[in-house]
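Down below is the structure, laid out as C-alpha cells.
The values are calculated or read from the model by the stated rules, or taken from the named source; none is laboratory data. Keep in mind it's a predicted model, so treat the numbers as computed, not measured. Cβ placement follows ideal geometry from the backbone for every residue including glycine, while neighbour counts extend to all protein chains displayed. Each accessible area value is taken on the protein alone, full model and side chains, heavy atoms only, with ligands, DNA and RNA left out. Shrake-Rupley method; radii C 1.70, N 1.55, O 1.52, S 1.80 Å.
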Amino acid sequence: MIKKWNLNNKIYGLALVALMGGIPGVQAQEKPEHPFVSPFDFPLLLSGNFGELRSNHFHGGVDFKTQGVVGKPIRCIADGYISRVTVTPGGYGQAVYITHDNGYTSVYGHLHKFMTEVEQAVVAYQYEHETFAVDLTFGPEQFPLKQGEVFALAGNEGYSFGPHLHMELRRTDTGEYVDPLQFYTDKVKDTTAPRATHIMFYPQAGKGVVAGLSKKKIVSLGNQQAPVTAWGKIAVGIKAYDYMDGTSNNYGVRSVTLLVDSVEVFRSTVDGFLPDENRMINAWTDYEEYATRGSWFMRSQILPGNTWRMLQADEDGGVVTINEERPYAFCYVLEDLYGNRRTYRFQVQGKEQAIERLRKGEHYLAWNQGHVIQQPGMELVIPKGMLYEDVDLNCRVIADSLGISFDYQLHDKPVALHAGCPITIGVRNYPIPDMTKYYVVRKYKGRKASAGGYFEEGFMHANIRELGTYSVALDTVAPRIVPLNQPQWKGGNIRFKIRDAETGIKDYKVYIDGKFVLFKFSSKNAVLSCMHPSRIKRGVKHQMEVLITDYCGNVAREEYQF
C-alpha cells in the first residue's frame, strides 16, 4: 500500500464616446457535470485566469494565490492517479500531472515539494542519470489518489515570481485545455466587469483608409477627440482586461463581442484551445504591437490563416465595409465567466477618400501557399500553413566583408510564424575551424538571441518562428561561474551565479569528492544551489568540481575546496 501524506498536514467624423453601460452583475450559471473539489482548504483567489495573453501562448490554466507563502498542501480534486512528473529549471519548475477517472487530466506547476514516494522516485532518477531535469511517467497502479488527498505542496519554482499554484485542466483524450474556473464559480467571488482603455483601427491593405492613411491608428477610450473618418474595408481591435473582487490583478477577457449598426460581426470566447492552437494568439492579437511595445490588442478580425475555433465572425471575418458617408455605430461588449458585462459605444464617420493601391513587392507571400525566399547565401522555406495573413516582405541583404555571414533582413517588422521554418545561411568567413561554435542569431534593436542550429557543407541550418534579421555568430566563450556565500558552504548552503552571454546554459553538473551532488538551477535569477546539503559530510574538507556547458559546447570548469 502506497503511503501518502496525512490529510491533516497543513490559492473598449469618430466622435469617440465611451459610453460604459451594462452595470456589472452576476448571472446564474449551469453547474458543470463533473465535480471537482478545491485544491486548497482556504478561500480561493486568482492571480491569473485562463486564456490570459502571454508571449506566444495563451495562459493554459488558472493561478491560485497561496496567501503569500510556499508550502500550502494541495489536495487531489478528483479520483485518479499521478501519471507524470516533470522537473525543469524554468517553465513549471516542479509539476505533477494527475489523470482522473472522469476524463480530465489536471496539471499543477511551480510546486515546492512532491509527496514523499514521488519525491523519492524523482531523486533516485536524478542521481542515477546525473541530471536535474526530469520527465517521468507512471501507471495507474503506482501512485493512485483519492479525491481530497494531499499530493504536493504549492511553491514558487520554475519561471514563477511569487508563491502560487498554476493549475490546468485538460481533456485526457485530446489534450485540449479547458477553463478550470468554470468548476469553481461558487468558490471564487467576482462581481467586477472587464474594462477597456484603447481602440486600434486597422485599414486593410489596398482596400481601406483610416483618417486618410493606410496605416493603423490607436485611439484612447474616454477622451473626446476630433472625429476619425474611414473609407473602404477596416477592422478594429480593443485593449482590455478583466478584474476580480478582492485582488488588484488584471486578467484576460473571456468574451469580446463587436456589433456594427446593431449587427454582430465578431465574437471571441476564450474557454478552450488545443495545443496546436496555442501560437494562434499571434494571429488574434496584434503581434507587431506586442513585440515592439509590449501592448496587447485583441483584433476583432479572423485572419485567413487563423483557424482557432474560439473565434466567430461574419462572412467577412470581422472586416467592416465603410462605403456610405454617414456615422457607423460600433459597440463592444466585454463579458467574463460570471456574466459581468461592460459596453463601449463609439462612431466611425464614413467619408469618401482615396485608397492607395496595393503594390506587391518581389517577395509577396500569400498566406495560403508555401514559399521559398532566397537571397545570395540564404534560403528560407515557409511551408503552407505557417502564415496567418499575406505578407509583403521588405527583404534585403546587409553585406559585411568581415562578417561570418551576411545579415539577412527577412522583414522590417516582426511577423510570427505558426511553427519553426527552416533557414540556411552560408558561412563566408571561418574565424575558427571548430564548426560546433557557430550558431544562427536573430538581431533586433541592438540585441541578439540565439536560434541555435548546426553546420553542414558550408551552411548553418536552423528553424525560426519569426521573421526578422538573421545572421551567423560565433560562441567560443564558456559560461561564467561566480561563487556565492562561501563562508556558509561548510553547512551545505552552496550556491553559484552562472551566466552565459551567447547561446545560454545547456547543462551543469557538480561533483563533491568525486560524487555527483544534485544542484538546482533557477532560470529567473541564474542561481545554482545545492538541493541535498545533508548528503555532504560535516567537519571534513571537501573537493568540489563545477562543470557548466553552453549550447555551443563551451565548458566552464572550476574547482573549490571547503
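Below are the figures for this structure:
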read-out: Some residue of the range 493-501 being surrounded by fewer than 20 Cβ atoms within 10 Å (Cβ to Cβ), of a type outside the set (Asp, Glu) and farther than 30 Å from Ser534 by Cβ; value: yes
read-out: Check on Phe266, buried (at least 18 other Cβ atoms within 10 Å of the Cβ), touching a helix residue (DSSP H, G or I) at 6+ places or on another chain (Cβ under 6 Å) and under 28 Å from Gln182 (Cα atoms); value: no
read-out: Any pair with Cβ under 7 angstrom, 6 or more apart, that starts in the range 42-56 at a residue that is on the phi > 0 side of the Ramachandran plot and in a strand (DSSP E or B) and ends at one that is at pLDDT below 95 and open to solvent by 10 Å² or more (accessible area, probe 1.4 Å); value: none
read-out: Residue in the range 274-285 that is surrounded by fewer than 20 Cβ atoms within 10 Å (Cβ to Cβ), modelled with pLDDT under 95 and of a type in the set (A, V, I, L, M, F, W, C) present; value: no
read-out: Among (1) part of a helix (DSSP H, G or I); (2) of a type outside the set (Ser, Thr, Tyr); (3) open to solvent by 10 Å² or more (accessible area, probe 1.4 Å), the one test that Val122 misses; value: (3)
read-out: Of all residues making up the range 87-107, the number that are open to solvent by less than 10 Å² (accessible area, probe 1.4 Å) and over 16 Å from Phe183 (Cα atoms); value: 5
read-out: Options Lys490, Lys509, Lys537: the member that is under 27 Å from Gln120 (Cα atoms), basic (Lys, Arg), assigned to a strand (DSSP E or B) and more than 27 Å from the chain's Cα centre (by Cα); value: Lys509
read-out: In the range 71-86, the residues that are in contact with an Asp or Glu (Cβ under 8 Å, 6 or more places away or on another chain), open to solvent by 10 Å² or more (accessible area, probe 1.4 Å) and not in a strand (DSSP E or B); value: Asp79
read-out: All positions within the range 423-446 that are closer than 18 Å to Val477 by Cα and assigned to a strand (DSSP E or B); value: Tyr438, Tyr439, Val440, Val441
read-out: Meets criteria (open to solvent by 40 Å² or more (accessible area, probe 1.4 Å) and at pLDDT 95 or above) for Leu181; value: no
read-out: Residue within the range 273-284 that is among the β-branched types (Val, Ile, Thr) and not in a helix (DSSP H, G or I) present; value: no
read-out: Meets criteria (open to solvent by 10 Å² or more (accessible area, probe 1.4 Å) and in contact with a Lys or Arg (Cβ under 9 Å, 6 or more places away or on another chain)) for Val37; value: yes
read-out: Complete set of residues in the range 353-378 that are open to solvent by less than 80 Å² (accessible area, probe 1.4 Å) and not in a strand (DSSP E or B); value: Gln353, Ile355, Leu358, Gly361, His363, Ala366, Asn368, Gly370, Gly377
read-out: Candidate set from the range 299-335 (those that are β-branched (Val, Ile, Thr) and surrounded by fewer than 18 Cβ atoms within 10 Å (Cβ to Cβ)); member that is farthest from Asp390 (Cα to Cα); value: Thr321
read-out: Every residue from the range 130-149 that is open to solvent by 40 Å² or more (accessible area, probe 1.4 Å) and under 30 Å from the mean Cα position of the chain (by Cα); value: Glu130, Ala133, Asp135, Thr137
read-out: The range 228-257, residues that are at pLDDT 95 or above, more than 26 Å from the chain's Cα centre (by Cα) and surrounded by 20 or more Cβ atoms within 10 Å (Cβ to Cβ); value: Ala230, Trp231, Gly232, Lys233, Ile234
read-out: Count of the range 379-407 residues which are open to solvent by 70 Å² or more (accessible area, probe 1.4 Å) and not charged (D, E, K, R); value: 3
read-out: Among (1) within 24 Å of the chain's Cα centre (by Cα); (2) open to solvent by 60 Å² or more (accessible area, probe 1.4 Å) - the single one Thr191 does not satisfy; value: (1)
read-out: Unmet criterion (only one of (1) in contact with an Asp or Glu (Cβ under 8 Å, 6 or more places away or on another chain); (2) assigned to a loop (DSSP other than H, G, I, E, B); (3) at pLDDT 95 or above) for Ile302; value: (1)
read-out: Residue identified as at pLDDT 95 or above, outside any strand (DSSP E or B) and either within 22 Å of Gly93 (Cα to Cα) or open to solvent by 20 Å² or more (accessible area, probe 1.4 Å) (or both) among Gly162, Gly175; value: Gly175
read-out: Among (1) open to solvent by 70 Å² or more (accessible area, probe 1.4 Å); (2) more than 30 Å from Lys443 (Cα to Cα); (3) not small (Gly, Ala, Ser) - the single one Tyr551 does not satisfy; value: (2)
read-out: Failed criterion for Ile512 (all others in (1) modelled with pLDDT of 95 or more; (2) within 30 Å of Cys421 (Cβ to Cβ) hold); value: (2)
read-out: Near pairs, Cβ below 7 angstrom, 6+ apart or cross-chain, from the range 515-530 (under 15 Å from Glu559 (Cβ atoms)) to any residue that is at pLDDT 95 or above and open to solvent by less than 10 Å² (accessible area, probe 1.4 Å); value: Val517/Val510
read-out: Sole residue being closer than 30 Å to Val319 by Cβ and either open to solvent by less than 60 Å² (accessible area, probe 1.4 Å) or part of a strand (DSSP E or B) (or both), chosen from Ala154, Ala205; value: Ala205
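So that you can scan it fast, the table gives a plain yes or no per residue for (1) over 15 Å from Asn463 (Cβ atoms); (2) modelled with pLDDT of 95 or more:
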{"residue": "Ser405", "(1), (2)": "yes, yes"}
{"residue": "Leu410", "(1), (2)": "no, yes"}
{"residue": "Ile423", "(1), (2)": "no, yes"}
{"residue": "Val427", "(1), (2)": "yes, yes"}
{"residue": "Ile432", "(1), (2)": "yes, yes"}
{"residue": "Met435", "(1), (2)": "yes, yes"}
{"residue": "Val441", "(1), (2)": "no, yes"}
{"residue": "Lys448", "(1), (2)": "yes, no"}
{"residue": "Gly452", "(1), (2)": "no, yes"}
